[in-house]
Structure formats: structure tokens, C-alpha cells
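Input: a single structure, listed below in C-alpha cells.
The values are calculated or read from the model by the stated rules, or taken from the named source; none is laboratory data. Since this is a predicted model, take the numbers as computed values, not measurements. Reconstructed Cβ throughout: ideal geometry from the backbone, glycine too, with neighbour counts over all protein chains shown. Note: accessible area is taken over every heavy atom of the protein model, side chains too, but ligands, DNA and RNA are not part of it. Shrake-Rupley method; radii C 1.70, N 1.55, O 1.52, S 1.80 Å.
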Amino acid sequence: MSANVTNADWAAVLSIAVLGATGLAVLVADLLARTFVRRYIAIAIAMIGIIAAGAIVFAQYGTHYSAFGGAFVVDYASVLFQGIVLLGALGSVILYGAIGEERRIAGALALMLWSACGAMLMSGAGNLMTIFLGLELLSLALYALCGIAERAGAHEAALKYLILSSTATGFLLYGMGLLFGATGSVALSALSNPALATNPIFWTGVGLFFVGIAFKLSLVPFHTWAPDVYEGAPLPVTAFMSVATKAGVLAVLVRVFLWSLPSQHVSDMLLPMWIVAGISMIVGNVGMLAQRDLKRMLAYSGIAQIGYILAALAGGSAEGFNAALYYFAAYSFMNLGAFAVAAMLSGDREEGSVIANYSGLGYRRPWAALAMTVFLLAMAGLPPTAGFLGKVFILRSSVETGYVWLAALLIVGTAISLYAYGRIVRAMYDRSTHPVPAAKPFVPLAALSAAICAIAVIALTFYPFSR
Amino acid sequence: MSVLFWGLAVVLVASAMWTIMASKPVYSVVALLANFFALAVLYLTLSAEFLAMIQLIVYSGAILVLFLFVIAMLSSGVASFSVGPNRLPRIAVPAVLLVLIALGLVVVGIFMPHPAPLPLAGAAVNAGAVGDANVFGSVADFGRALFTTYLLPFEVTALILMVAVIGVIVLAGEHAPYVGTPRRAEEVRKSLREAIAREGD
Amino acid sequence: MTPGLLPMPLVDYLALSAVMFFIGVTGVIVRRNPLVMLMSIELMFNAANLLFVAYARAWLNDAGHIFAFLVITVAAAEAAIALAIVVIAFRASKNVDVDEASALRG
Amino acid sequence: MMLLLALLVPLAGAIACWALGPWLRNLAGWLATAAVGISFVATLLLWGAATQPGGVHLALFSWMSGFDFGLTLDPLSLLWALIITGVGFLIHLYSIGYMHGDRAFARFFAYMNFFIFAMMLLVLSDNWVGLLVGWGLVGLASYFLIGFWFERRSAVAAARKAFILNVIGDVGIMFAIFLIVANVHSIRFADTFAASATFGAPLLYAICAGLFIGAAAKSAQVPLHTWLPDAMEGPTPVSALIHAATMVTAGVYLVARCAPLWSHSPRAQMLVGTIGALTAIVGAILGTAQWDIKRILAYSTMSQIGYMIMGVGVGAYAGGVAHFFTHAFFKAQLFLASGLIIHALHNEQDVRKMGGLRARTPLAFWAILVGVLAICGIPGFSGFFSKDQIIQGVLENGHPWMYGVGLLTAGITAYYMFRLFFITFLGEYRGNVDPAQLGMAPEAVGAEVAHEPASTGSGEAHAPAWVMNLPVALLIVPSVLAGWLLFSTDGASSPWSRFFAAQFPTAAQASAAAVPEWATALIALGVVLAGIGVAVARYATRSAQANAVARLRDESLRMPKLLVNAFYVDTLIDGVFVRGARLLGSLFGRILDPHVIDGAVRGVAASAVGFGVLVRALQSGLVRAYALVIVLGVGCFLAYYVFGIPR
């Protein structure tokens, strides 16, 4: 049991270590740097670190082993989810570099990197401890990041996120306690014991554990925090939350619920999850209709989109898993892209998150408007974007595995959402004279990432070619 | 043993109730302190010696002191606690109702008879300590586990503590008091000056 | 499970911890002072810890102890950040009432 | 390759007009016209190959398995492509004159070319996704063109309405395509049709219903028709191209294309046939109550498409498609000729202010006369043959009541088309009569003046007259003659039926109808003549012409409210959908205002305590309320996990 820690163990978490060290390096470099190059140096180091971590992660592609006595697992899923986390981190770091406050840039970037470490730990978590610690690492850094801006809204968002998320973590922790009690072990592999199916403590533990997961995924009715926090938090932090957090938590969901639970009871155990996913599709899309703040709208959109992703997972088939991953990758690109466009339009007061500022954008900033149109079309699931293809995949897998009602809800939700997204697209191509807010210095970087995301959203449509 | 347990249980529940019902936050801290002490004793009866120690040192010694410090800082004359109307005055009724239902469900789950005995297969039991309750939970035992089997979680806690340190610095450090509007900032500064003057008397 | 190792029946510990846990939950909902809310959350965490410790003894598996230790560490880190947030929120709005922090809604 | 050329040249033209617009100036019109012409010629050259069994097929690229993209040209799509590019060419030519002097001349032609491209993509695709993309782009192009004069609020509103209704249709099609792809694992039409026999009735019905929602939205079928009359806010050539000849018949194309699906689902046939018949008669009735010349034509379009949909819906595919073919000519001609009148009268569109125009616009007189005779189905003119074929086909497929509706509609059509004709061309010119004496509402008068603003003031610099006159004159020929392609002495071997021999499934139960074909023709003729007779009695007799002003005033004022408001469909849609959506949106956003929550909590006092308020307070901004909602969720979860599990 008390196995010696070997090099292979360390290699499994090397990418996380690199990311953590990068955070330190950003802080140290900030101490040494002159004022006017601070921003450049912080972004450069952070980007290099993320790319290096990404290279390490993808070098693990195709391998499958567990490290630290099962605490951490390297496999197909961990590599892909870690890749998405790093993608989200890269995008948000760039956006923070573009519009963040100069004074706190190093601290913010370091926190963002460490938060990404937490999400990466969750992606490969092999036991309950790693899940808990990854989640807390992720969340603690995010609490601080939410409150980092000097706006009353940011403080309120941080406070709300802190209190509600900690409460949800409490439920999760209690659930873990019961799971530990039922199995006598913290390893996820112990959950698959078929004898557990008769143990009410195990079931109660699963239920409470799932509350914590559903909270982090902002599924109805655990979603209430998301719109408020998204609106109040600084824009790049919101971008990070919408991608990296969800990647980590989804990985846990897949690992615990789909791969570890006793197989003969899996569909009973997961039924509540699919129900809340279905409700989320409707509530999220309806919630979008009356919004005036882009970030808030994207929060509701995210609620619905996570519902879609869960619909793909519902059947538990390999095809459904691939569909979910594909849609999630597309979701990451379109979300990051939308936030990047918002960053491009933001001056000192995040003007880019006010939907009214988008009217007539098609004539003032045609390229930004075009990119935004692509992202909105993708979120609405219209061709020729990856959002459309992703929905086709999801529908196929959920219909094939017998979850037709989820597919039907998905279509209803999509129909509702068309109006919400179409509203912005239409406003952008209305002729009206709206003042252009002054842009911030590093906006070219935001524009570049918006362009890359737009191309990716289209190009992902051709992804199955390579197979 | 039974007397000790039930005595502790009464203390735990009572202090927990007091924590959430106390009229002033300071009382809450005191109640929580009592709760943590009782919990530490309970840990001792469960042969978790090291954990009992940590409970006292970290929780009572660090976390609660931090709370006290913040309470002292915030109530130093600038403004009183809990201003503004209570926007959900009757929330306690549905809240307590709901919580009782949830608690009832959990308790039912706990007391529900298990059709089969708890399985041992696949569980990672600390083999060397079975039957030897004196070793189990001791500092040595704990330390060995922490630095071998559970090395990764231990390393991650280091990162978490660093996040806490840097997070607090980034949140609170190196900038002036809140500058929303100049008038507002001036107000704050003025009340701060007044508070300092009062304390000086 | 090897019985007799626990001084009391296991379910007693579980019931005690469940009661403590839900007292904490109630505190989060009914109190307006963020400091008291945070203390209620600490109560929830401690209730979970009690669960871990009791089960660790029942199973003679020190993973429960390690888990409780990690929870305490995390709670310390969380308290630090949480109190910092409360302080800056207080500096901004001059009160410690979560009901006042409701500008974001809809 | 030729096929790709036919598809892409209009796109190139659109890009060129859009990008180089400021430099091209008036050349843009010629460039765009030439692009459509090239496309037409390319399509024509493929005639021989397309009519071979299997047609022309061009595989473009293959995605993953089941996702093969390609173009195809068989007799059905050939017919559509020829009409799109052929009639489109003439309308482009006409537009050069009509839009002359407009500030956004080049932009107009960019949109027009783009529209042709989208339409070609729609009909040439051999798969669902291509069709859907074309379908969506056509809607987009139509949106741009209807709202072309975006300074006008009504034009913008009309464009928006058309777009929204079209999006509803797109969702329907998407739904059907999802179902198809989920079941067939291929997006190609051919694979779908091959597998359609295995679908099972409910699935097939769901697919057909989804597709038909799209078809109904695009083809202005009841109750999704309200955008079409409003779409007349666009320039007249747009009305001719999109809202008469091509786009609105996309629904007919879709149903005809999916003939194998419909043939297997009698319920879907019933649905489509019923909606088509309803649309035919509703459109005709509403057509009798209009005063705006373009709106009359719009309602007649709606009615005629109702015929087509009814025909293809119940299995009379050849008849429905034939009516599309003849209708494209005579309706385009009617629109273009009315455009001549509107142009000559400086943007007057109200027929009450016309009258006696025969001498003033002789070409328009003859063109409209031919068009009216054709649409009424006077023997010898094209509409006669195709309309008869639909009515007869409906009967042969066993729907006698649709047969009756078809005949009745023919009579009403004859009435209102001749009404239009008589009021416009007979009697005295009424342009100088006080509008109030004609019974026109005062606010309507103000609105009329603002019509078609962009082309006013271009009086001094006219384009050559022939660019507008030539297309109108040319269209007279097919308006008269096209129908003869359907004529045969033995009833089966007309050039038309040979052309489509391999295209459509032959209806199994197409038995000898109770009424022989010649008898149907005679009955129809009788009904039509009756309709014409009423129109003559009301508007064309000497006494009616003499006191036309008083007559029109009377008719305007006595017009039933139900007809003026088009059966209140718009009001209904507005009430249900627009307000419903708004209500739903505000439910989540606005109701949670502090007033409501405070009011509820304080005012309603005792009853405020309870879950009702809590649910409404879902997004109140209060942390504690959020926590409570979370605990509510926890309770539900625990209840399921503790008790709800079957053990």
C-alpha cells in the first residue's frame, strides 16, 4: 500500500506542476519588471507556461495509467479535458492581459493559472480527495478573481459566489463522507462494487455528491448564482469560469457517474441528473430572453448548453461521450470568442458586456460583428458552425440511447434560444448611431483570439474529416 | 463512554444552535469555539489524536481568531452591522421546514436497515493497524500515510495555501480605500478619522 | 466491518453529524451577516469531518483522517479568502448585510 | 462543372456588386443581369443530360460517413433552375430600369444575385443540409430585399416579420432533418427516400409535418401567410422575383421533392392538402377586399400557391408543378406590368386612384389583360391547363371536397382579378379626385405619398425604356403558350408528362375519376365566367363606369371589418407569439423587480410565506433566497435517492 512514489507518478502531474510554477514565475517577474513592461511580461510568461503545459498534456495522449496509488489517472478523457481547461486558461489570460487592470495583472494571472491547476487535477482525479482538492483549488482562486475589480458589482459577485459555492461544497463534502462510509475507501474504483446497490447510505451519498456537481455546472435549480456572478465578475474571469470550471467538473461527472458507479443501477442513479439537465435547457433559454447584459445572457446560455452536453452523456454510450466532448470543445471556442469580442469593445467600464452597445455594430466594426455573429449562430446551433454539428451528434446519440424526451427538450430549447441570439444579431445589423467606446491598449490580442475562435468554430465543422 | 458521548452531543448541538442564533457575531464565535472543543474531544474518543490536535490548533487557534479579528475591525465604529431592511423576513419558516425535511431524509437513509452487510472487498484498509487501535490515528501513523499514500493531496494543499495568500494580497493589498466616487471616498475617510479620534480618547 | 471498535453505535455518530450539518445549512439561509454565514459553513464542514473520522475508525482506514485534515487545511485557506472578500465588500458598501448586496438580479 | 458554374456565377456577381459597387455604378445592374444570364445558359446546356434517367449528379465532397455533399439536376430541379434563372434574368433586366437612380443601386443587385445563388443552392442540393442552408439564405436575402428601403419603418417591420415567420419554418425543417439523420444516418435525399418505406407511420408523419411547417412558412400558407402581403413593401421587381415567381414556391418544390415521403403517409397528404385548399380560398377571399394593386397580387399569389400545395400535397404532383411553371410566367408578368403602372403614376399603388389607364400605359394594359386571362384559366391561356390538371388530379386522388374548393376558388379568382383589371383600366382617371371621396382613410393617404421614395426624383435621368418594356413583352409569350405543353389529345402523353415520367411515384389509387376531364374543364369555365360576370356587372357596365367614384367610396366604407383585417390572423399571431414571448421573458426578468418581491413579501403578508413567492424570487439577487432554492433542490434529490430508488 505504501508504495514509493516514482518518476512516473510525477510525470502524470508534470503539466500541473509546470502551470503552478508558471504562476509563481509570473509573480516573481512582476516584482522585478519595470512598470511599463509588466503587462507584456506577465502575459508572455503565462502564455508560454500554458503552451508548455499543453505540450506535456498532449504528449500523454494515448497512454493510460494511474499515478499516486490511484489518486490521479491519465487517460483519453483526462488529456482531452485538460486540453480544454488549458484552452480556456489561454483565452482568459489573453483577455485579462487585454483589458485587465495593469496594477494587479500578475496576481490575477497567477490566480488564474492556479485555478486552472485545480481544474486539471479534477480532470484526472482518481479518488475523492483529489476531486475535493481540485475543486477547492479551482474555487478559492475564483473567489478571489471575482472580487478583484474595483466595482461594487464585483464585490457582490464574489460574496455571492463565495457563500453559495461553499454551501454547495459542504453538500458535496458530506456526500463524499457518506460515500467513504459506504465503501470504506476514497478510491473511485471502490464505488463500482455491485453490493453497494442495496446500501441507502451509498445512495444518499451519491445524491449529495451530485448536488455539488450540479451546482458547479449551474444546472437548474442550482443555477441561481451563475447569472449574478457572471455579470458581476470581471469579463476575463467570467470567460474562464464558463470554460475551465465546467471542463473540470464535467470530467469528474464522467469519471464518477458514468465510469465508476455499479453498472446495473447507473440509469436509476443518474435519472435526476438528466431531469435537471432537461429543465436547464428550458430555463436557461427562457432566461436569456429579457437580458440586457451580455455576460448575464451568456450565463443563461451556459446553463442551457450544459444541459445539451448532459443530454449527450445520458445514454452512457461511447458515441454520446464523443458527442459531448465535441460539443464541449465547440462550446469553449464559441464562448471564449464571444467574450473576446466583448473584450474588444470594452473600455474602462466593460462596455462590451452591455447588449445595447451592439446595435449598429455591423457598420462600425464589421469584423467584430461578423465574428460575434458566428459565435451567436454557433450557440443557437445553426449551420455552418460547429454548434450545429454538435447538436446533430447530441440528438443522434440521445435518440439512439432512448432519451428521446431529452432530444425533444433540446429542440424546444433551441427554438426558444433562436430569438434571444437573433435579437443581438439583428441589433448589430440595424442602422443606428451608437457611440463607440474607447478601446483599451491590448485589444489587438483580444481581436486575434476572437478571430482564432471564429475560425475554430467554423473549422471544427470539418473535424470528422480527419477520421 | 455513553455518558461522555451524549454529553458531547448535547454540547455540540447546543453550541451549533447558538452559533446560528446568536444576536452578535462575537457570540457566534464563542459558540463555535465551544463546538470545536467538543468536537476535538469527540475525535479523541475516536482515536484520532492528531486530528484532535489539529482541530484545536488550526480551527480554534487560527480560523476563529481570524474571524474575531475581522469582527473587531469591522465593528470599530465605522458603521453598525446589518443595516438595511430585512428583505426576506419570513424566510426562516420555509427554511427550517425544508431543512427538517432534508435532515429527516438523511436520517432515514442512515437508519434504514441494510439488506446486506457493508462490503469490505476493494476497500483500502490500513492493514497494519487492524486490531491495534493504539497505533491507529497516532501522529506517526498519520504522518506515514500522509507522506506516502497521500502525497499528492498533501502537495496540492501547499498550492491551495499559496492561492489563499496571494488571493488575499491581490484582493486587499496595495491600494487605497475604496474609490468609487471622490465624494464617497471622502466620506469613508472622514468616518475613519472620526473613529480613530474616538478610539484615541 | 469489525464491530466493537467504536465506542458508540455508528449510527449515533452519523445522526449527530447530520443534525450539525443541517443546523449549519439553516444558518446559511436565515442569517444576513456574512460572517455568521461563513461560520455556519464551517459547521457544515465540521459535520462532514465528524463523518470522516467516525468512518475512519469504523473501517480502520486512515484515509478518513487524511481527508479530515485536508478539509481543515482547505477551511483555513477558504476562511482567509472569505474574510478578505467580506472586508473589501464592507469597504465598498459600508455594511455587512448580504441583503444589501442584491444589485445583480433578474 | 457546368452545374457548379450555374450555381456560383450569381454568387460571384453578388460579391462583385457588393465589393465594387461604388465603382461600378450603373454597370452593376448589367453585370448582375449577365451573371444570371450565364447561369441560365449553363442550366439550359445541361437539359439533355438532366432528362436522362438519374439526371446529372456532381459529388462535391464527403464528410464523415453519411454526410456526402453534392449537387444534382433532375427534371424537377431543372425546371426550377430554369425558371429561377430565366424569369430571374428578365426581372434583373427590368430592375435596371426600375431601380435607376436609387442610391443603393449596386447593393440592390448584389442582394438580387445573392438571392438567385441561394435559390439555386436550394434546388440543386442533393442533400438535406444543402437544402437547409439554401433555405436559410433565401430567407436572409428576402429579408434584405423586403427591407431594402430601410428608411421606411413599415419596410423594416415587414422584413422583420417575414424573417421571423421564416425562422419558425426553418426550425420545423431542422426538426425534420434531425429526425431523418437520426434514423437514416445519411443526409442524401436518395438514401432517405430509399429508407422511407421502413419509417413507420408516426415517424414519417412527424418528418412530413416538420418539413411542411418549413414549406408553409416559405410558401405563405395559412396560418403563416401574413408576411407575404406585408412583403410588398419591397421594390416591385423584388415582389415579382421573390414573392411571385420563385421563393414562395420553394415550399412546392420541397413537397414535390419529398414526394416519396408523402406518398407513404396518407395523413400527411391530408394535412398538406387541407392547408393548401384553405390557403387557396382564404387568399382568394382576402384578395377581393384589397385596394393596393400589389397587395391584390400578393393575395392572389398566396391563393395560387395554395392550389399548388394542395396539388402536390395530395399526390397530383405533375399538376402542382405545372401550375408553378405557368404561374411563374403570368404572375411575374402581372407584377412587372403593375410596376410599369406604379412607375408611370409616380408611385401610386391604390387602384382607387387609377382608372382609365388603357391609353396611358398600353403595354401594361395588354400585359395585365393576358395575365388576368391566364390566372383565371380562360381556355387557351396557360393557367387553364395547369389549374384544370390540379383540380382534376385532386379528384382522382379521392378528395372531392378539395375539388369543390378548387372550383369555387377559381370563380372568386376570376372575380377579383377582373375587378382589378376593370378598376384600373376602365372609366375615367381618378388620380385628381379627393381621396376622401373615394373612401380612403386619411392616414392611408399620408402613407401612400411616402411609397417608393428612393426612385422618385429620377424623372430627368431615365434609363432606356426598353429595359423595362422588353421583359414585360417577352413574358406575354409564355403566359399564353406555356400551358400548351400540358396539352395532349389522349390525356397521358403530353410533353409535360413525358418530361416528368420518371420523377414522381404514380399514385396507386389514381382511378378513373367520377367526373371526366372535359367535364371538369367545362364546369371550371362556367364558374370562372360567373365570376367574371359579377365583376362586369359591378365595375364594367356603362352605368358602373359612370359613377365609379361613388361606387368605390361605398365599397371602401362598407368593406367587412373581417376582410379588411385579413381575418385577424395578424392580431392573433401578435397576441399569442409576440406577447407570449415577451411575457415569458419578462416573467424571468422583470417580475422579480424589487417592487414585486417587496410588495409580495410585505403586502401579501401571511400568504407571502410559502413556496409561491420563493419560486418567483428565484432570481431576486438575494443570496439567502438562492441558498433556499438550492436546499429545495437538495430536498428533491434526497427524496429521490432515499426513497425513489427501486431496490
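Here is a yes/no grid of residues against (1) open to solvent by 10 Å² or more (accessible area, probe 1.4 Å); (2) hydrophobic (A, V, I, L, M, F, W, C); (3) modelled with pLDDT under 90:
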{"residue": "A:Asn322", "(1), (2), (3)": "yes, no, yes"}
{"residue": "A:Tyr331", "(1), (2), (3)": "no, no, no"}
{"residue": "A:Asn335", "(1), (2), (3)": "no, no, no"}
{"residue": "A:Val354", "(1), (2), (3)": "yes, yes, yes"}
{"residue": "A:Leu376", "(1), (2), (3)": "no, yes, no"}
Completion exercise
Of the residues in the range C:28-41, those that are more than 7 Å from chain B (Cβ to nearest Cβ) and either outside any helix (DSSP H, G or I) or within 11 Å of the chain's Cα centre (by Cα) (or both) number 4
Exercise for the section: Select, from A:Met273, A:Met288, A:Met269, the only residue that is surrounded by 24 or more Cβ atoms within 10 Å (Cβ to Cβ) and of a type in the set (A, V, I, L, M). Expected result: A:Met288
Practice task
For the range C:65-76, indicate whether the set of residues that are away from chain D (no Cβ under 14 Å), touching a residue at least 12 places away in the same chain (Cβ under 8 Å) and under 19 Å from B:Ser28 (Cβ atoms) is non-empty.
Solution key: yes
Handout entry: Qualifying helices (runs of 4 or more DSSP H) (wholly inside the range A:288-393; at least 2 residues being under 21 Å from A:Leu406 (Cα atoms))
Key = A:294-313, A:318-344, A:366-380
Practice task
Would you point out which residue out of C:Val25, C:Val96, C:Val86 is facing another protein chain (nearest Cβ under 7 Å), crowded, with 24+ Cβ neighbours inside 10 Å and outside any helix (DSSP H, G or I)?
Solution key: C:Val96
Problem - Evaluation of D:Ala328 against (1) under 13 Å from the mean Cα position of the chain (by Cα); (2) over 20 Å from D:Trp80 (Cβ atoms) (one fails), failing number - result: (2)
Exercise for the section: Looking only at the range A:254-266, decide whether some residue is without any contact (Cβ under 8 Å) to a residue 60 or more places away in the chain, open to solvent by less than 10 Å² (accessible area, probe 1.4 Å), in a helix (DSSP H, G or I) and more than 11 Å from every other protein chain (Cβ to nearest Cβ). Expected result: yes
Problem - Yes/no for C:Phe45 being among the aromatic types (Phe, Trp, Tyr), open to solvent by less than 10 Å² (accessible area, probe 1.4 Å), over 16 Å from B:Val29 (Cα atoms) and out of contact with any Pro (no Cβ under 9 Å at 6 or more places or on another chain) - result: no
Practice task
State which residue is farthest from A:Val93 (Cα to Cα) when the search covers only the range A:172-183 and only residues that are within 10 Å of chain B (Cβ to nearest Cβ) and touching a residue at least 24 places away in the same chain (Cβ under 8 Å).
Solution key: A:Gly181
Handout entry: Meets criteria (crowded, with 24+ Cβ neighbours inside 10 Å, of a type in the set (A, V, I, L, M, F, W, C) and away from chain D (no Cβ under 14 Å)) for C:Ala58
Key = no
Completion exercise
Picking from D:Thr43, D:Thr72, the residue that is in a helix (DSSP H, G or I) and more than 22 Å from the chain's Cα centre (by Cα) would be D:Thr43
Handout entry: Those residues of the range B:5-44 which are open to solvent by 80 Å² or more (accessible area, probe 1.4 Å) and more than 15 Å from C:Ile23 (Cα to Cα), in sequence order
Key = B:Trp6, B:Ser23, B:Lys24, B:Tyr27, B:Phe37, B:Leu44
Completion exercise
the range D:209-317: helices (runs of 4 or more DSSP H) wholly inside it with 2 or more residues that are under 29 Å from D:Tyr94 (Cα atoms) and either open to solvent by less than 10 Å² (accessible area, probe 1.4 Å) or among the hydrophobic types (A, V, I, L, M, F, W, C) (or both) are D:227-230, D:236-240, D:250-257, D:266-287, D:293-314
Handout entry: Candidate set from the range A:138-162 (those that are in contact with a Leu (Cβ under 7 Å, 6 or more places away or on another chain) and open to solvent by 10 Å² or more (accessible area, probe 1.4 Å)); member that is farthest from the other protein chains (Cβ to nearest Cβ)
Key = A:Gly153
Handout entry: Qualifying residues in the range B:74-87 (those that are more than 7 Å from chain C (Cβ to nearest Cβ) and modelled with pLDDT of 60 or more) - the one farthest from the chain's Cα centre (by Cα)
Key = B:Pro85
Handout entry: Some residue of the range A:241-249 being assigned to a helix (DSSP H, G or I), away from chain C (no Cβ under 14 Å) and either among the charged types (D, E, K, R) or surrounded by fewer than 24 Cβ atoms within 10 Å (Cβ to Cβ) (or both)
Key = yes
Exercise for the section: Starting from the range A:395-414, keep only residues that are in contact (Cβ under 8 Å) with a residue 24 or more places away in the chain, then list their pairs with residues that are open to solvent by 40 Å² or more (accessible area, probe 1.4 Å) and assigned to a helix (DSSP H, G or I) whose Cβ atoms are within a distance under 8 Å, requiring at least 6 positions of separation or different chains. Expected result: A:Arg396/A:Glu319; A:Ser397/A:Glu319; A:Ser398/A:Val404; A:Glu400/A:Glu319; A:Ala407/A:Val399; A:Leu409/A:Ile282; A:Val412/A:Ile282; A:Gly413/A:Ile282
Completion exercise
Among residues of the range B:51-69 being at the interface with chain C (Cβ under 7 Å from one of its Cβ atoms) and open to solvent by 10 Å² or more (accessible area, probe 1.4 Å), the residue nearest to C:Ala80 (Cα to Cα) is B:Leu66
